[in-house]
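What follows is a single structure, written as structure tokens, with notes after it.
The values are calculated or read from the model by the stated rules, or taken from the named source; none is laboratory data. Everything numeric in this text was worked out from a predicted model, so none of it was measured. Neighbour counts run over all protein chains shown; Cβ positions are idealised from the backbone, glycine included. These area figures cover heavy atoms from the full protein model, side chains too; ligands, DNA and RNA do not enter into them. Shrake-Rupley method; radii C 1.70, N 1.55, O 1.52, S 1.80 Å.
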2 protein chains.
Amino acid sequence: MTQNIYDDESFFRGYSALPRSVQGLEGAPEWPTLQAMLPPVQDRRVIDLGCGFGWFCRWAAAQGAAQVAGFDVSERMLERARQETQDARICYSRADLEALSLSPGAWDLAYSSLALHYIAGLPRLLGEIHRALVPGGALVFSVEHPIYTAPRQPGWVKHSSGRPVWPLDGYLDEGARSTDWLAKGVIKQHRTVAGYVNALLACGFSLQRIEEWGPDAAQIAAHPEWAQERERPMFLLMAAVRQGG
Amino acid sequence: MTQNIYDDESFFRGYSALPRSVQGLEGAPEWPTLQAMLPPVQDRRVIDLGCGFGWFCRWAAAQGAAQVAGFDVSERMLERARQETQDARICYSRADLEALSLSPGAWDLAYSSLALHYIAGLPRLLGEIHRALVPGGALVFSVEHPIYTAPRQPGWVKHSSGRPVWPLDGYLDEGARSTDWLAKGVIKQHRTVAGYVNALLACGFSLQRIEEWGPDAAQIAAHPEWAQERERPMFLLMAAVRQGG
């Protein structure tokens, strides 16, 4: 089973205070880019893998989705999601994504935000998502970028030039990484970009678009402290389609 | 026009002494990975963009290709390629890949090794390649990896941990990079991985596979000094197909 760090008391408190937890999608700077990769959701059946507080599920329902299913491993997050949701089209379920089982051919869109880099058995899960989609159905997701997850000691270092650089190492060696983010010993699964792409293609997905997210000029003008985030990408966003549609 | 650094005297001398220039494909450590991404070439019509000394053209002819066209900007490299080739199925031509024009629908495979990261107008060239291929035809190429081309000061630095790290910066800012490799002021075009992938998809290519090359265990056993190359990928390899085949 996936490490359920989200139910750790101090992690949950820290996570709940993040802008994306307080403000929802508008508090996630990569959301406009991810949103632009989504197909129309009106009248579509949508699953959200790692739904957290349910922000995306509620957004999809507000866009006119026919049915929305949110899955998360954290009972505390689902509890808050249910409290904040009044919409019979949305159903939240507790699930370990390592062992998730979905109805075949029952969904039009699978979405996941910053959850899949926790999953050791990603090829199994992608196969399950592929079977769950109708032909032509889409998978749109974000993960922490492999450049971000690779290093043994992630954190800016000062180059002899005086400028900050990202100390990349370990990139080609996929596997677990233990980092201290909001709590000690958070386990993420490092994969290369090729690892993600080839896992999608091996399931029969057709790749539609990739984005390597960093803040744009307008975001840096609003948050000058983000400028450094253009030196290396923080998030990897992908859109793929189940072929045969 | 592309900078023709290959006809620079000292660059040409240095390049001619590289293992890949002396031993051909077997001297290129990424060749087995790239070869595995190729479709069968027997009875196929093949173009090689940036053919250099013609090693791949001769390999394709030896595999039974029906016709092979090699293009390169360097007259000196083509001169040696012609001297070393006795095969009427192979034709070498001088061409600037920034302005290359190809017969539409006339080719089954387009191949390029470590040339496309010199091309500023890559979208134009990819469109030209797409039109030149038959439906179902393949494009297989390698470039220097974006992680490799991005940094302002490419070169290992020692982390405070004592280990070498790759000083990544500038990744999201695509454009020209001037580096000193075999000669001073060699101009390469830095693109992100997403930049390459989305340029392919925008032309109508379907992505088949990506590889981020680093040496494997057997290669490191034979060349222990290569171990560091696993810390970050050196080459990006892609295989794509013109849809409709």
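Beta carbons closer than 6 Å, at least 6 apart along the sequence or on distinct chains, pair a first residue in region B:159-178 that is within 7 Å of another protein chain (Cβ to nearest Cβ) with a second that is acidic (Asp, Glu) and open to solvent by less than 10 Å² (accessible area, probe 1.4 Å) for B:165/A:169.
Screening residue B:244 against (1) in contact with a His (Cβ under 9 Å, 6 or more places away or on another chain); (2) within 25 Å of residue A:239 (Cβ to Cβ) leaves a single unmet condition, (1). Cβ-Cβ below 7 Å, separation at least six or inter-chain, first residue in region B:60-78 and touching a residue at least 24 places away in the same chain (Cβ under 8 Å) and over 14 Å from residue B:108 (Cα atoms), second polar (S, T, N, Q) and open to solvent by 10 Å² or more (accessible area, probe 1.4 Å): which pairs? Every condition considered, the pairs that remain are B:71/B:93; B:73/B:2; B:73/B:4; B:74/B:4. Scanning region A:195-217 for residues that are assigned to a helix (DSSP H, G or I) and either open to solvent by 70 Å² or more (accessible area, probe 1.4 Å) or among the basic types (Lys, Arg) (or both) turns up A:202, A:217.
Among residues of region B:16-33 that are within 17 Å of residue B:239 (Cβ to Cβ), those with a Cβ under 7 angstrom from a residue that is surrounded by 15 or more Cβ atoms within 10 Å (Cβ to Cβ) and of a type in the set (A, V, I, L, M), sequence gap 6+ or separate chain, pair up as B:30/B:237; B:31/B:25; B:33/B:237. Quick one: residue A:151 ticks every box in (1) open to solvent by 10 Å² or more (accessible area, probe 1.4 Å); (2) more than 16 Å from residue A:196 (Cβ to Cβ); (3) modelled with pLDDT of 95 or more; (4) within 14 Å of chain B (Cβ to nearest Cβ) bar one, so which box is it? Residue A:151 satisfies every listed condition except (1). For region A:89-149, the strands (runs of 3 or more DSSP E) that sit wholly inside it and include 2 or more residues that are β-branched (Val, Ile, Thr) are A:133-144.
The criterion of at least 2 residues that are aromatic (Phe, Trp, Tyr) is met, among helices (runs of 4 or more DSSP H) falling completely within region B:16-85, by B:55-62.
Filtered by the rule that a residue be open to solvent by 20 Å² or more (accessible area, probe 1.4 Å) and outside any loop (DSSP other than H, G, I, E, B), region B:176-194 gives B:176, B:177, B:178, B:179, B:180, B:181, B:184, B:185, B:187, B:189.
Within region B:37-67, the set of residues being among the charged types (D, E, K, R) and touching a Phe, Trp or Tyr at 6+ places or on another chain (Cβ under 7 Å) comprises B:45, B:48. Criterion first (open to solvent by 20 Å² or more (accessible area, probe 1.4 Å), within 21 Å of residue B:142 (Cα to Cα) and of a type in the set (Gly, Ala, Ser)) does residue B:36 satisfy it? Yes; evaluated as a whole, the condition is true for this residue. In summary, residue B:10 fulfils each of the numbered conditions (1) assigned to a helix (DSSP H, G or I); (2) at pLDDT 95 or above; (3) over 24 Å from residue B:145 (Cβ atoms) with the single exception of condition (2).
Quick one: is residue A:229 facing chain B (nearest Cβ under 9 Å), open to solvent by less than 60 Å² (accessible area, probe 1.4 Å) and assigned to a strand (DSSP E or B)? Against the criterion (facing chain B (nearest Cβ under 9 Å), open to solvent by less than 60 Å² (accessible area, probe 1.4 Å) and assigned to a strand (DSSP E or B)), residue A:229 does not qualify.
Rundown of residues vs (1) open to solvent by less than 10 Å² (accessible area, probe 1.4 Å); (2) in contact with an Asp or Glu (Cβ under 7 Å, 6 or more places away or on another chain); (3) of a type in the set (A, V, I, L, M, F, W, C), yes/no style:
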site	(1), (2), (3)
A:98	no, no, no
A:108	no, no, no
A:114	no, yes, yes
A:118	no, no, no
A:123	no, no, no
A:126	yes, no, yes
A:132	yes, no, yes
A:139	yes, no, yes
A:142	yes, yes, no
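Candidates in region A:154-169 are the residues that are open to solvent by 10 Å² or more (accessible area, probe 1.4 Å) and not in a strand (DSSP E or B); of these, the one that is nearest to residue A:72 (Cα to Cα) is A:154.
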